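Everything on this sheet refers to the single structure shown next.
The values are calculated or read from the model by the stated rules, or taken from the named source; none is laboratory data. Since the structure is predicted, the reported quantities are computational estimates derived from the model, not experimental observations. In this analysis, Cβ positions are derived from the backbone assuming ideal geometry, glycine residues included, and neighbour counts consider all displayed protein chains. Heads up: the accessible areas ignore ligands, DNA and RNA and are worked out on the full protein's heavy atoms, side chains in. Shrake-Rupley method; radii C 1.70, N 1.55, O 1.52, S 1.80 Å.
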Amino acid sequence: MQRILKVTPKFEKAYKAGYPLILKEAVHNMNNVTEEGMLVQLVDEKNQFIGKGYYGKQNKGYGWILTHDENEKIDQLFFKKKLQTALNKRNQFFSNKETNAFRVFNAEGDGIGGLTIDYFNGYYLINWYSEGIFTFYDYVIDSLKKLVDYKAIYQKKRFDVGGQYIEEDGFVEGERGQFPIIVKENGVNLAVYLNEGAMVGVFLDQRDVRKAIFDKYVQGKTVLNTFSYTGVFSVFAALGGATKTTSVDLANRSRAKTIEQFSVNEVDYENHDIIVEDVFQYFKYAVKKNRTFDVVILDPPSFARSKKYTFSAAKDYKNLLKEAISITTEHGVIVASTNCAAFGMKRFKVFIDQAFKESNEKYSIREEFSLPSDFATSKEYKEGNYLKVVFIQKE
Ligand code: SAH
């Protein structure tokens, strides 16, 4: 069954130009659709076909357009073709001997919003971002099984099922992994867990940034890695010749996880500092102790609340930068990163400029990064290109 959704005049142009996300405010009769996974057809005021897709409630919208061809069927073959095309685009990644962890399917960037698939050294991990996309489970799993060789397929349901659902280990097919599995990124080992919670231990979208840090910025330098999670930036910095790294994260688990990432690379973690503390607290401490760093990495979540502080990237990034500027050595480098989709590179650079002006410091931008090529994006959906990383040198 297919529901007809009539697009309001204000949004007609955007949808006709290929905007893929179905927004509640963009259609007249969203309330008619109640069933997750239901196929929907978007039409204009004159009932002319615009596109079709599925209903699936996500934090950002109500489903995704999948095709602008009225005659194209959304069936097994449709999913298989999209997957095949995406896999072909990653041929270079599959044949790269130094890296075996990358994204093989990036949601709307590969033609199906709400679905991502990552590859980890023979293991495939599917992320389902709505109950609606999950109704296409058989199409996706059957297609994947036909198209690739795998050790195992795992999945994560990134949607809330009325608080009822308790995620099991996410195992779908093949032979269960022994976690951590060790994957490689540009020759560096990374410990990955596909069976615990939403995060696996490494964010694949920062691959090129880690390589840049390793190649160009850390030889003989001291490095502060804030919001360090499992410390992967610190590992690349240590292997890239940093004299010492300091990792700071609030989460208790971060210490053991960081020790593990150092250890799978045979780096002695005792030569590095791993600190479980609120980053904002740590900045105060560093200022008081006159401690400075040659390289400061800032990679906060878009939004975070700790006991004492609330951080929102859109509101507070400028202040975070000012804190970093105050403990960066002269000619030192700040790696400013954000995955906040609420603003683009232009505004991010305004934050950077304001932070330096208000600190009475000069700076130059050494280089910048957005998503790597395996994180394919749709040019009609700019918000999907969320990553912004700027290497800033203090003058
Ligand atoms: N930079 C990491 C990813 C960061 S994920 C990487 O490349 O792998 C965000 C991390 O910020 C989480 O581990 C979370 O525990 C930490 N965090 C959130 N608020 C914090 C705070 N106020 N102080 C320190 N760490 C914080």
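Residues in the stretch 70-90 that are farther than 16 Å from I117 by Cβ and either basic (K, R) or open to solvent by 70 Å² or more (accessible area, probe 1.4 Å) (or both): E70, N71, K73, L77.
Going residue by residue through the stretch 321-340, is there one that turns out to be crowded, with 19+ Cβ neighbours inside 10 Å, more than 16 Å from V389 (Cβ to Cβ) and among the acidic types (D, E)? Yes - at least one qualifying residue is present in the stretch 321-340. Inside the stretch 185-194, residues that are under 18 Å from the mean Cα position of the chain (by Cα) and either in contact (Cβ under 8 Å) with a residue 24 or more places away in the chain or open to solvent by less than 10 Å² (accessible area, probe 1.4 Å) (or both) make up a count of 5. Does A251 fit the bill of being assigned to a loop (DSSP other than H, G, I, E, B), of a type in the set (A, V, I, L, M), in the same structural domain as R366 (by TED's automatic domain parsing) and within 22 Å of the chain's Cα centre (by Cα)? Yes; evaluated as a whole, the condition is true for this residue.
Being among the β-branched types (V, I, T), outside any strand (DSSP E or B) and open to solvent by less than 10 Å² (accessible area, probe 1.4 Å) is the requirement here; does I117 meet it? Judged against the criteria, I117 is not a match.
Any residue in the stretch 182-202 that is touching an Asp or Glu at 6+ places or on another chain (Cβ under 6 Å) and more than 16 Å from the ligand (Cβ to nearest atom)? Checked the stretch 182-202: at least one residue is touching an Asp or Glu at 6+ places or on another chain (Cβ under 6 Å) and more than 16 Å from the ligand (Cβ to nearest atom).
Of the strands (runs of 3 or more DSSP E) that lie entirely inside the stretch 260-327, those containing 3 or more residues that are near the ligand (Cβ under 10 Å from one of its atoms) span 303-305.
Against the criterion of being more than 26 Å from A17 (Cβ to Cβ) and open to solvent by 50 Å² or more (accessible area, probe 1.4 Å), K97 qualifies. Restricting the stretch 221-251 to residues that are among the polar types (S, T, N, Q) and either open to solvent by 20 Å² or more (accessible area, probe 1.4 Å) or modelled with pLDDT under 95 (or both) leaves a set whose member that is farthest from the ligand (Cβ to nearest atom) is T243.
Can you confirm whether the stretch 370-387 contains a residue that is small (G, A, S), open to solvent by 20 Å² or more (accessible area, probe 1.4 Å), at pLDDT below 95 and in a loop (DSSP other than H, G, I, E, B)? No, the conditions are met nowhere in the stretch 370-387.
Given the condition in a loop (DSSP other than H, G, I, E, B) and not charged (D, E, K, R), answer yes or no: does some residue in the stretch 169-176 qualify? Yes, the stretch 169-176 contains at least one residue that is in a loop (DSSP other than H, G, I, E, B) and not charged (D, E, K, R).
Just one of the listed residues (N271, N225) is farther than 21 Å from S326 by Cα and among the polar types (S, T, N, Q), and it is N271. Are any of the residues in the stretch 154-162 open to solvent by less than 10 Å² (accessible area, probe 1.4 Å), in contact with a strand residue (DSSP E or B) (Cβ under 6 Å, 6 or more places away or on another chain) and assigned by TED's automatic domain parsing to the domain that holds I327? There is no residue in the stretch 154-162 that is open to solvent by less than 10 Å² (accessible area, probe 1.4 Å), in contact with a strand residue (DSSP E or B) (Cβ under 6 Å, 6 or more places away or on another chain) and assigned by TED's automatic domain parsing to the domain that holds I327.
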